[in-house]
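Written out below as structure tokens is the structure these notes cover.
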Amino acid sequence: MLTLSMSFMITFIVPMLVMTIATMLSKKIINDREKSSPFECGFDPKSSARMPFSLRFFLIAVIFLIFDVEIALILPIIIIMKTSNMMVWSTSTMFFILVLLGGLYHEWNQGALQWAE
């Protein structure tokens, strides 16, 4: 019975004690103003939440997501080439690339790709 209680103490209680002491020793005592604020991105949480925000940022983010998804869809096309019919593969690939180029041309015409005005 003594062996069982000693093994329980060694396997459960001692590691918990070591983790508790390590947590206490590794704590940062000095609180930083930036770290204690709810936003760590430079916004002042006590200012107005209705600040004017540039919509160009969202437009650039959407364009980035479109081109990011485009690359994620183009990469498997190379792998599919070995297992599919070459005529169907080339037709679908060209259609996909033409749709992407059409979207790029439309964004260019609308002025969405002009970063600075």
Here the residues within the stretch 62-112 that are more than 27 Å from the chain's Cα centre (by Cα) and surrounded by 11 or more Cβ atoms within 10 Å (Cβ to Cβ) are I80, M81, S84, W89, S90, T91, S92, T93
Identify the residue in the stretch 17-37 that is of a type in the set (A, V, I, L, M) and modelled with pLDDT of 70 or more and, among all such residues, is least open to solvent (accessible area, probe 1.4 Å).
A22
Count of residues meeting criterion [in a loop (DSSP other than H, G, I, E, B) and polar (S, T, N, Q)] in the stretch 68-117
4
Any hit, the stretch 38-45, residues being surrounded by 10 or more Cβ atoms within 10 Å (Cβ to Cβ) and modelled with pLDDT under 75
yes
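The values are calculated or read from the model by the stated rules, or taken from the named source; none is laboratory data. None of the values given here were measured: they were computed from a predicted structure. Here the Cβ is made from the backbone with ideal geometry for all residues, glycine too, and neighbour counts use every protein chain on show. Accessible surface is based on the protein model in full, side chains and every heavy atom, while ligands, DNA and RNA are left aside. Shrake-Rupley method; radii C 1.70, N 1.55, O 1.52, S 1.80 Å.
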